[in-house]
Amino acid sequence: MADNVRPLRRNEIRQHNETLILQAAEKVFAEAGFGGATMQLIADLAGLPKANLHYYFASKEDLYRQVVQNIFDIWLHAAESMDQASGPIEGIGAYIDAKMEISRRHADGSKVWASEVMHGAPVIQDYLETTLRDWTTGRVGLIQRWIDEGKMAPVNPEHLLYMLWATTQHYADFGHQIETLNGAPMTDSDWQAAKHSVKSMILRGIGAIE
């Protein structure tokens, strides 16, 4: 029995430490960028010895790529609602809801991604050319099918995706600006109102609803 319990305990500790490290790294990379972040800063925020970081992640770049991978995986999961929908009202509407919620709960991850891309994606260019390109091609095909079926206006699918990303991620990447203009952090009702407004404007704009 003891032999069965010990590996489980070890796995739980590893998972816990990796979660602490990734959460701290996400925040440090969001605030300092890849160049300004150090493994020591991340270790201090995680409350772990620096040696622990190198045990789980061989280098700062490895850790950075995992942070980027995590936010993209979360975004990919959000797109499942669009993939399984019968049309743009349900699919794009659910996608906007999911992406807005991610901006609310994973703002630092979104900022890391935005900063990396704005600097020419020096670390994750290969990722953009493979995983993101493949994902985008699939969603473009889905949107084009809805267009061909007469369920929405004949808009450019790529530009629609760019608009969806820019609009929903704005609430994370420019959260401080929104909070300043609002005079306070967004409440639950503020988020619900924002989701409703974004969905209404976009779905009407693509002719999915009157």
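Pairs of Cα atoms nearer than 8 Å and 6+ residues apart set the relative contact order; for the chain it is 22 percent. Dipole magnitude for the chain: about 300 debye, using +1 per Lys or Arg Cβ and -1 per Asp or Glu Cβ, origin at the Cα centre.
How far, in degrees from 0 to 90, does helix 157-173 lean away from the longest principal axis of the Cα atoms of the chain, to the nearest 10? It is inclined by approximately 50 degrees. Per residue, the convex hull spanned by the alpha carbons of the range 66-205 comes to 106 Å³. Here LYS60 is the anchor, and the lysines within straight C-alpha reach of less than 24 Å, apart from those fewer than 8 places off in the same chain, are LYS27, LYS50, LYS111. Share of the chain's accessible area from carbon and sulfur, percent, 1.4 Å? Of all accessible area on the chain, carbon and sulfur atoms account for 53 percent.
The residues of the range 1-92 expose, per residue, 57 Å² of accessible area to a 1.4 Å probe. Helix 88-105 axis versus longest C-alpha principal axis of the chain: approximately 30°, rounded to the nearest ten.
Helical content of the chain, expressed as a calculated mean residue ellipticity at 222 nm, amounts to -26000 deg cm²/dmol (DSSP H runs of 4 or more residues, -39,500 (n - 2.57) each, divided by residue number, nearest 500).
The values are calculated or read from the model by the stated rules, or taken from the named source; none is laboratory data. All values derive from a computational prediction rather than experimental measurement. We place every Cβ from the backbone using ideal geometry, glycine too, and count neighbours over all the protein chains shown. We work out accessible area using only protein heavy atoms, side chains counted, and drop any ligands, DNA or RNA first. Shrake-Rupley method; radii C 1.70, N 1.55, O 1.52, S 1.80 Å.
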